[in-house]
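All remarks here apply to the structure that follows.
Every read-out reported here was derived from the displayed coordinates using simple, explicitly stated rules and does not represent laboratory data. Since this is a predicted model, take the numbers as computed values, not measurements. Note: ideal-geometry Cβ built from the backbone for every residue, glycine included; neighbour counts use all protein chains shown.
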Amino acid sequence: MEGKRQEDLIQLCRELLRRPAVSGREGEVARFAADVMTALGYDRVTTDSYGNVVGTMVFSGEGERVLLISQMDHVDVGDAAEWSKYPYGAFIEDDRIFGRAASDQKGSLSAMIMAGAFLRSDLGRSLKGQLSVAAAVHQETFENVASRAIADTVDPTCVLVGEASSLLLERGQRGRAEIRLDTFGKMAHSSHPEYGVNAADTMNALLAFLKQQFIPPRDPFLGEGILVLTSLYTSPAGASGAVPEKCTAIFDRRLLRGETLEGAAGELRTLIARAAEQIPGLRARVSFPVMEDRCYTGAPIRGNHYAPAWVLPEESAFLKVLSDALAEAGLPHRVSDRPGFGTNGCHFAVERNLPTVIYGPSRRELVHGVDEYIEIRELLEACRGYYTMGGRLLSGRGGVQAPAAGVTVSEGGR
């Protein structure tokens, strides 16, 4: 890719980065992305009630319905003073573009949008089926809700997810379950704690027990099913002169093949029952937090943080088609020996049973970090990769319309 195409891709990436899009406030980026797709000649550009933007190129004849998906939203920048550059400045230095979401995932989104336009311009008359590029909302908070809405719109036959993978083909992801643990006590004035039962003290003892006794399961490909404490608070909030009557801990439990939400919670309940033998008066409850928020469109969005694990076998026909296409184009084509780090592919691979692969520019260690950036070289190669893989899948030589035979996932429901 040279000349104007290269310049246009870099410019699009920078323009996306200059528009903040914290989850639930993606409106400016969404409208800009829709306008760009329209200007580039996408046949249909739609925005659903949640605010997901989908641009579709329709080619002649029956063929694959290829979905390229990246998220528009991102986490907050944190303390902007810690950044060496303005987080939304999209500054270029040392052949890198700096900005929040450069790696997660506005770089891949810009590469996907331009790849679709280049395919139409270069190969449009010879391709069959359709190519859709989706810019998703609320992936940081409600990933499966947004993905489900996009899949309902597109009805894809195969999916490429733009999470950072260092331009490797990643064939699976651990699942995720967010689990809430409450301990209960009795309120009293903090000057006389002996009249109450401090729920925070009970939680401290329980957390120490869990840290010592929880043994994460292990999968030879997916790794460990870790349990990570992500939030801790007491109730009533702001009552500095009172012994708290409740303490709440939120855990992120990464799921492996065969694990379910109920199974992970049951495992935690068993450990709590054992802890009760050592912690006097322990009263605790395990539950699944259901989150509610509003989209930038005003629509309510609701769901829990649950995504089952999935693995696409190494011998998958879909993987071979993608790897062969990249190799023939002289691009890196290695299948990663480790899974993807996020959960953006879980809905498509598990609930839809679709051939799904993760492929994106940049490195996972840059995601959500201070001074996040994307290498311009990787941005350009990602666009070439989406162009190459999309072209192969839509050429009639892809052969992946059958369900994702051999996909192994976490079994069970919510």
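What are the semi-axes of the equivalent ellipsoid of segment 104-247, taken as the square roots of 5 times the eigenvalues of the Cα gyration tensor, listed largest first and rounded to whole Å? Write out the running numbers ahead of the final one.
Numbers: eigenvalues 493, 72, 28 Å².
The three semi-axes for segment 104-247 are 50, 19, 12 Å.
With a Förster radius of 41 Å, plug the Cβ-Cβ distance of residue 28 and residue 62 into 1/(1 + (r/R0)^6) and report the FRET value to the nearest 0.05.
Given R0 = 41 Å and the Cβ-Cβ separation, E is 0.65.
Could you let me know the centre-to-centre spacing of segment 182-246 and segment 24-84, using Cα atoms, in angstrom?
Segment 182-246 and segment 24-84 have Cα centres spaced 40 Å from each other.
Too long at a 32 Å Cα-Cα cut-off: which of 186/211; 85/320; 4/128; 4/85; 106/128?
Values: 186/211 25 Å; 85/320 41 Å; 4/128 27 Å; 4/85 27 Å; 106/128 28 Å.
Violating the 32 Å Cα-Cα cut-off are 85/320.
Give a quick list of GluC sites (Glu not before Pro) in segment 32-130 that DSSP marks as loop, anything other than H, G, I, E or B, with at most 11 other Cβ atoms within 10 Å.
Those that pass, being in a loop and sparsely packed, are 62.
Please compute, over every Cα-Cα pair in segment 182-337, the percentage with a separation greater than 18 angstrom.
Working: 8478 of 12090 pairs.
Roughly 70 percent, rounded to a whole number.
Just to verify a number: FRET efficiency for residue 191 and residue 84, C-beta to C-beta distance, R0 = 60 Å, to 0.05?
About 0.80, to the nearest 0.05.
Hey, of (1) 20.1; (2) 21.1; (3) 34.3, which did the structure itself give for mean projected area of the Cα convex hull in nm² when calculated?
(2)
List the GluC sites (Glu not before Pro) in segment 277-349 that DSSP assigns to loop (not H, G, I, E or B) and whose Cβ has at most 13 other Cβ atoms within 10 Å. Which are they?
Sparse-neighbourhood loop GluC sites (Glu not before Pro): 277, 314, 315.
Using the Karplus curve 6.51 cos²θ - 1.76 cosθ + 1.60 with θ = phi - 60°, work out ³J(HN,Hα) for each residue of segment 72-84 in order, rounded to whole Hz, and write x for Gly and Pro.
8, 7, 8, 6, 5, 7, x, 7, 4, 5, 6, 7, 7
Add +1 for every Lys or Arg and -1 for every Asp or Glu among the other residues with Cβ under 12 Å from the Cβ of residue 152, and state the total.
Counting the neighbours of residue 152, the net charge comes to -1.
Can you give the calculated 222 nm mean residue ellipticity of the chain, where each DSSP H run of n ≥ 4 adds -39,500 (n - 2.57) and the sum is split over every residue, rounded to the nearest 500 deg cm²/dmol?
Result for the chain: -9500 deg cm²/dmol, rounded to the nearest 500.
Stretch residue 35-residue 126 to full length: gain in nm at 0.36 nm per residue minus the Cα-Cα span? Could you put the intermediate results ahead of the total?
Values: separation 91, 0.36 × 91 = 32.76 nm, distance 2.63 nm.
So the extension gain works out to 30.1 nm.
Treating only the Cβ of Lys, Arg, Asp and Glu as charged (+1, +1, -1, -1), what charge dipole size does the chain show about its Cα centre? Round to the nearest 20 debye.
Taking the Cα centre of the chain as origin, the dipole is about 560 debye.
What does the extension gain come out to for residue 47 and residue 15, with contour length at 0.36 nm per residue minus their alpha carbon separation? Display every interim value, and only then the final one.
Details: separation 32, 0.36 × 32 = 11.52 nm, distance 1.97 nm.
Extra length available between residue 47 and residue 15 comes to 9.6 nm.
Taking only the Cα atoms of segment 1-110, how large is their convex hull per residue, in Å³? Kindly include the intermediate steps, with their values, before the conclusion.
On the way: hull volume 13.2 nm³, N = 110.
Taking the convex hull of the Cα positions in segment 1-110, it is 120 Å³ per residue.
For the chain, what relative contact order do you get, as a whole percent, if you take Cα pairs closer than 8 Å and at least 6 residues apart?
Numbers: 965 pairs, mean separation 105.5, N = 414.
Worked out over the chain, it gives 25 percent.
Can you give the local net charge around residue 78? Use residues other than it whose beta-carbon is closer than 13 angstrom to its beta-carbon, Lys and Arg +1, Asp and Glu -1.
-4
How would you rank 104-116, 279-291, highest first, on the average number of other Cβ atoms within 10 Å across their residues?
Result, highest mean Cβ count within 10 Å first: 104-116, 279-291.
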